[in-house]
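This report refers to the structure that appears directly beneath it.
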Amino acid sequence: MFGNYTKHVVIVGSVLLGVLALFFLAKTVNVIKENKFIGGGTTATNTITVSGKGEAYAIPDVARISITLRSEAKTFSETQSKITAKEKQVLDILAAQGIDKKDIKTDSYNIAPKYEWQNEKVVCTMQYPSVCPPANGKNVQVGFEGIETLAVKIRKTDTVGALVDAVSKIEVSEIGQPQYTIDDEDKVKAEARDEAIADAK
C-alpha cells in the first residue's frame, strides 16, 4: 500500500518537473529571439555629429534716421494740414538729397485733443477773505496736437550729415541719431553659414 503511494508521488513530481522544464525552456527561447546580440535592448544608432565655425564680415552700407513732426492747432483739420505741410517740406528735402520714396515710410501718425488745466475765476471781497470759496479747476480742450514719425533709409552714408543739416532747418520736433547697419543681413549670414558647413566637412 505504502509502495503504491510513493510510486504515485514520484510520477506526479516527475510530471510537474517536466512542465516546469518546458516552461523555462520556452521562456529562454523567447528571450534569445528578442535579444539576438548583447545590448539588443538598446536602440542602435548610426549618427555622427560634427560642428563647424564660420565668420563673415561686412561694412555698414546704409544709415537709418527717424524724423518726428509735431503741430498744434485749434481744429483737427487745421492740425492735419500743418502736419501735411511739414511732411511735404521734409519729403522735398529728402528727394533733393537723392532718397528714393521706397526708402521712406511712416512709422506712426496720430492726432489727438490737447487739454490744459484752467482754474475757475473766484470772486470774493477783501472784507471777508476767510469766506472766499476755494479755487476749482478742470481740464479744458484747447485744440489738437499732431505727431508723425518718418523712418528714412539712407543708402549713400557719406550724405547723412548734409541730409540731417538740411532737415533740421525746418520746424521738426526731433531728428533721431543715425543708425548705421547692413542692408542685406541675410547675405552675410549665408556666407558665415557656408563657411561653417565647409569647416564641418
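Quick one: go through segment 160-197 and flag any residue whose amide nitrogen is under 20 Å from the point 7 Å out along the Cα-to-Cβ line of ASP100.
160, 163, 179-188
Using a 1.4 Å probe on the protein chains only, how many percent of the accessible area of segment 55-110 belongs to carbon and sulfur?
52 percent
What is the extension gain from ALA56 to ARG193, computed as 0.36 nm multiplied by their sequence separation minus the C-alpha to C-alpha distance, in nm to one decimal?
Gain on extension, ALA56 to ARG193, equals 48.4 nm.
When all C-alpha to C-alpha distances in segment 137-201 are sorted into bins of 10 Å, what percent of pairs does each bin hold, rounded to whole numbers?
So the P(r) values, bin by bin, are 14, 28, 19, 18, 12, 6, 3, 1.
Let's test the formula: R0 of 30 Å, r as the Cβ-Cβ distance of GLN118 and ILE170. What FRET efficiency results, to the nearest 0.05?
0.40
Based only on Cα atoms, what Rg/Rh ratio does segment 49-201 have, Rh being taken as Kirkwood's radius?
Rounded to two decimals, Rg over Rh is 1.33.
Report the per residue volume, in Å³, of the convex hull enclosing the C-alpha atoms of segment 43-98.
223 Å³
The values are calculated or read from the model by the stated rules, or taken from the named source; none is laboratory data. Nothing here was measured: the structure is a model prediction, and the numbers come from that model. Cβ atoms come from the backbone with ideal geometry, glycine included; neighbour counts cover every protein chain shown. Surface accessibility is based on the protein's heavy atoms, side chains included, excluding ligands, DNA and RNA. Shrake-Rupley method; radii C 1.70, N 1.55, O 1.52, S 1.80 Å.
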